[in-house]
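Where a number appears in this text, it was derived from the coordinates with a stated rule and is not lab data. Only a predicted model underlies this, so the values are computations on that prediction, with no experimental measurement involved. Note: ideal-geometry Cβ built from the backbone for every residue, glycine included; neighbour counts use all protein chains shown.
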Amino acid sequence: MRAFFANRDLGPFVIVLVFLALLPLSLPRIALSDEVQYYAYLRSFYFDRDLDFRNEYQHFADIGLQNDDQAVFNALLRQDDANPNPTTSKLRNVAPIGSALLWAPGFVLADLWVQVINATGADIPRDGYSRPYIVAVCMMSALYSLLGLLLTYRLTRFYTDQVPALIATLTIFLATPLVFYTYLAMAWSHTAGFFLFTLFLTIWMYGREGSIGRSDGRRHWSVWFASGVVAGLMVMTREQLGLLLIIPALEALAAYIGALRRWQWSVVRELFIGHLIFLVVFVLSLTPQLATYWVLNGRPGPSTTVGSKLAFVSIGWLPVLVSPHFWDTLIHPAHGALLWSPILAVALIGLIWLFRRDGSLALLLFVGFLGQVYINGAFGTTWHLSGSFGFRRLIECTPIFVLGLASVLSWLQMRVGWKPLLAGAVLFVFWNVGLIAQWTFIRPDLRKGLIWDGMLYYQLQVPLQVLSRLYDILFDRCRLTTNC
């Protein structure tokens with residue numbers, strides 16, 4: 001394999017090839033309440049020029065009720081003390097607007113295509129609900145997953161050779177929930193969030209002054225400007241991703257301390273100007289989200305439904321966010337991320353090898369990961385993500401996992417070669433594919449959490465079960481789900 005990759009970088013080509021090979025298995029649809037809320041922004045603003053989601057919610061709720069599924073109706077249309085909002089009379093939408101913004105190019109192209117094809121005699125409803133619009137949004141989501149993978153591979157190549165970088169990128173893609181939310185649960189915000197965090201890391205890392213492991217925190221003003229824009233989009237896509245900004249924040253703190261200890265006032269001034277640019281651009285980038293919150297909730301903040309899920313304790317007059325389910329997020333027998341996707345444990349251990357190459361980066365990435373675990377553990381009632389496939393709230397940490405995994409694979413490759421690494425990767429991928437098959441159509445009870453009783457038996461039965469349902473998998477995937 002080393003000879004095959006010699007003098008050429010075929011990693012991006014292989015990633016695109018794998019992505020395209022799996023794309024025919026995708027299931028573009030919008031059915032679940034979270035998906036409906038992300039999509040409602042786009043459809044309502046584009047067609048109705050408002051943020052009144054009653055018609056969007058009713059449309060998808062009716063589809064659910066036709067399939068004896070009341071989830072969308074109960075989540076979005078059932079009235080309670082906060083729905084509609086007593087101040088604005090608007091129906092609740094707990095989703096931020098970032099996904100809608102990122103999907104918009106595909107949605108607009110779909111609308112143009114509908115108009116053109118209808119002008120030739122077709123009769124496709126130009127209503128924002130018909131198939132072209134749904135497919136366009138879902139394919140935009142898949143595209144962001146691909147872009148995230150390519151950027152992640154590029155970042156990883158900064159530290160390792162092609163083979164470990166490629167194996168790590170594809171293994172994390174195929175052996176974690178990322179592949180599920182790329183192809184089967186497409187209209188979620190995770191792939192967009194993954195892409196934006198990877199783009200943020202790319203801008204931030206490639207803008208570092210100094211050599212690997214010895215960054216002094218300084219960057220060109222244009223880097224801070226671009227970082228602020230992407231950080232704003234990142235928070236508008238998934239609000240908890242704002243905690244990942246602890247990565248540049250801690251680097252900035254260390255840079256100020258170092259410069260002040262050396263009495264480098266010119267460096268302090270340069271750092272301050274750069275950080276000020278970042279903060280101003282970041283806040284301005286959040287303006288569309290704050291305005292949306294104001295219209296929906298009567299204040300520049302999310303629905304009270306979001307805050308009510310978080311666990312706070314009072315220390316004197318100060319409310320402090322706590323994380324009672326921090327360890328459950330990682331190792332709970334039914335819901336723990338490291339049990340759903342064991343490859344993540346290997347990837348996190350691999351950060352030790354990244355530390356040997358770039359100690360500051362490895363520490364910062366690990367702290368960023370811990371921040372995402374902490375905020376998830378703070379969701380007192382929904383931390384377990386029951387009903388979801390795998391632990392989806394860590395998907396955005398994919399570049400952290402790939403960098404860690406590639407680092408340890410690079411070390412192992414020098415000792416055992418690439419073939420054992422590839423064999424091990426296949427085993428992790430098989431585990432994940434088996435869980436997807438179980439979750440989808442073999443043992444749907446898995447949607448409530450991992451069931452260890454009979455787990456090995458069912459995993460080994462997956463190839464036979466897939467063959468028995470091959471026609472449905474290839475040509476009628478709606479039979480394996482609901483609300484299609």
* Structure fact -> Scoring only Lys, Arg, Asp and Glu (+1, +1, -1, -1) among other residues with Cβ under 13 Å from the Cβ of Asp52 yields +2
* How much mean residue ellipticity at 222 nm does the chain get from its helices, if each DSSP H run of length 4 or more adds -39500 (n - 2.57) and you divide by all residues, to the nearest 500 deg cm²/dmol? -> -19500 deg cm²/dmol
* What ranking of Ile172, Ile247 emerges when the number of other C-beta atoms within 10 Å of each C-beta is taken as an exposure proxy, fewest first? -> Ile247, Ile172
* Work out the charge dipole of the range 2-480 with +1 on the Cβ of Lys and Arg and -1 on the Cβ of Asp and Glu about the Cα centre, then indicate which of Val373, Gln58, Leu421 is farthest towards its positive end. => Leu421
* To do: Would you grab the residues whose amide H sits under 5 Å from the one on Gly217? Only those 5+ places off in sequence or on another chain, please, with H modelled 1.01 Å from N.
  => Glu209
* Please give the contour-minus-distance gain from Ala119 to Tyr457: 0.36 nm per residue of separation, less the Cα-Cα distance, rounded to one decimal in nm. => 116.1 nm
* Sort the following peptides by mean Cβ neighbour count (other Cβ atoms within 10 Å, averaged over residues), highest first: 86-97, 192-203. => 192-203, 86-97
* Asked: So how do Phe53, Phe379 line up by other beta-carbon neighbours within 10 Å, fewest first?
  -> Phe379, Phe53
* Structure fact -> Answer check: the range 208-341, Cα atoms, Kirkwood Rh, Rg/Rh ratio of 1.06
* How about Lys309: which lysines have a C-alpha closer than 26 Å to its C-alpha, ignoring those fewer than 8 places off in the same chain? -> Lys90, Lys448
* **Hz values of 3J(HN,Hα) by residue in the range 69-79 - Karplus curve (6.51, -1.76, 1.60), Gly and Pro given as x** => 10, 9, 4, 5, 4, 5, 6, 10, 10, 5, 7
* Asked: Where Lys and Arg each count +1 and Asp and Glu each count -1, what net charge lies around Gly193 among other residues with Cβ under 15 Å from its Cβ?
  -> -1
* Report, in whole Å, the centroid distance computed from the Cα atoms of the range 281-352 and the range 383-412. => 17 Å
* Where in the range 376-411 is the amide nitrogen less than 15 Å from a point lying 7 Å along the Cα-to-Cβ axis of Phe312? -> 378-380
* To do: Please report the relative contact order for the range 2-480, taking Cα pairs under 8 Å with a sequence separation of at least 6, and give it as a percent rounded to a whole number.
  => 18 percent
* To do: With only Lys, Arg, Asp and Glu charged, each at its Cβ (+1 for the first two, -1 for the last two), find how big the charge dipole of the range 2-480 is about the Cα centre; round to the nearest 20 debye.
  => 1280 debye
* To do: Rank these for me by crowding, Trp188, Trp265, Trp411, going from fewest to most other beta carbons within 10 Å.
  => Trp265, Trp411, Trp188
* To do: Would you mind counting up the charge near Val295? Only other residues with Cβ under 15 Å from its Cβ, with Lys and Arg at +1 and Asp and Glu at -1.
  => +2
